[in-house]
Structures are given as structure tokens and as C-alpha cells.
1. Quick one: P(r) of the chain from all Cα-Cα pairs, 10 Å bins, percents rounded to integers, in order of increasing distance.
2. Tell me the label-point distance for the pair D21, T5, using the 7 Å Cα-to-Cβ offset, in nm and rounded to one decimal.
3. Over what distance in Å are the Cα centres of region 1-33 and region 65-105 separated?
4. Please state the charge dipole magnitude for region 8-106, taken about the Cα centre, from unit charges on C-beta atoms (+1 on K and R, -1 on D and E), reported in debye and rounded to the nearest 20.
5. Quick one: if you stick a label point 7 Å off each Cα along the C-beta vector at E43 and T70, how many nm between them?
6. What is the local net charge at N18, summed over the other residues whose Cβ is closer than 13 Å to its Cβ (Lys, Arg +1; Asp, Glu -1)?
7. How many nm separate the modelled label positions at F78 and H109, each set 7 Å beyond the Cα in the direction of the Cβ?
8. Relative contact order, percent, of the chain when contacts are C-alpha pairs under 8 Å separated by at least 6 residues?
Amino acid sequence: MTDFTVPAPVQALVDAINSGDEQAFVDAFAEDGSVDDWGRVLEGREGVSSWSQSDAIGQSAQMVIKDATTEGDTTELFFDWRSNRFNGTSRAFVTVEGDKVKTFHIPSHR
């Protein structure tokens with residue numbers, strides 16, 4: 001059992017990845033939302049969709065949140081990621097604006 005909760009837009013992002021629903025993933029983001037994966041920034045709906053295809057849903061990804069803390073509009077996630085492209089534990093910072101994800105930032109492990 002977990003002792004943390006995440007904002008609804010963050011949970012929608014995770015649920016979309018785990019269910020393989022690219023449209024729900026894109027829809028979880030604000031129109032001008034972005035993914036920053038180790039410095040590779042993809043912006044807008046087209047960029048978010050592109051990342052989903054190349055790194056997440058298109059790679060059969062599964063994301064299990066191990067811990068999360070939220071301060072203001074930003075949630076820091078520690079998670080286990082399994083996919084055809086990458087496997088391991090990572091962290092991300094998800095910024096929410098209203099009821100949508102504004103940024104999904106996965107910093108490099110360096």
C-alpha cells in the first residue's frame with residue numbers, strides 16, 4: 001500500500017501509459033505542454049505524441065510509481081519503468097497547470 005497521492009492530471013498520464021492509450025496520454029497534457037527526457041525537449045501535442053511513440057506507449061511501457069511528493073504545482077515522482085527501450089528506476093518532475101500536465105521532465109541520471 002502506498003502512502004502518497006498524486007494530482008489527477010499526473011495519475012491520468014501514468015494511467016494512459018500503463019493502458020497503452022496514446023490519445024489519453026496526449027490529452028493529459030496542456031496544448032503547449034512538453035516532455036523533457038534527458039534534455040530532449042518535445043513540445044506541443046505533436047511533440048508529446050512523438051515521445052509517446054518513440055519512448056513510452058510505442059515501446060509497451062509500464063510505469064509504477066514508488067514514491068511521490070507534491071509541492072505547489074510540481075510533483076516529483078520516483079518510479080519503476082519497464083519497456084522495450086529502457087528498464088530501470090528513474091525520477092521525473094511533473095508540473096500541472098489547471099487540470100492538465102504542463103511539463104513532464106525526466107532528468108538525466110548523471
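1. With a bin width of 10 Å, the distribution comes to 16, 54, 29, 1.
2. Each label point is offset 7 Å from its Cα along the Cβ direction, giving 2.1 nm.
3. Using only Cα atoms, the two centres lie 9 Å from each other.
4. Using Cβ point charges on Lys, Arg, Asp and Glu, region 8-106 gives about 400 debye.
5. 2.7 nm
6. Counting the neighbours of N18, the net charge comes to -3.
7. 1.5 nm
8. Relative contact order here is 28 percent.
The values are calculated or read from the model by the stated rules, or taken from the named source; none is laboratory data. These figures come from a predicted structure and were not determined experimentally. Reconstructed Cβ throughout: ideal geometry from the backbone, glycine too, with neighbour counts over all protein chains shown. Side chains are part of the model used for accessible areas, which takes the heavy atoms of the whole protein and leaves out ligands, DNA and RNA. Shrake-Rupley method; radii C 1.70, N 1.55, O 1.52, S 1.80 Å.
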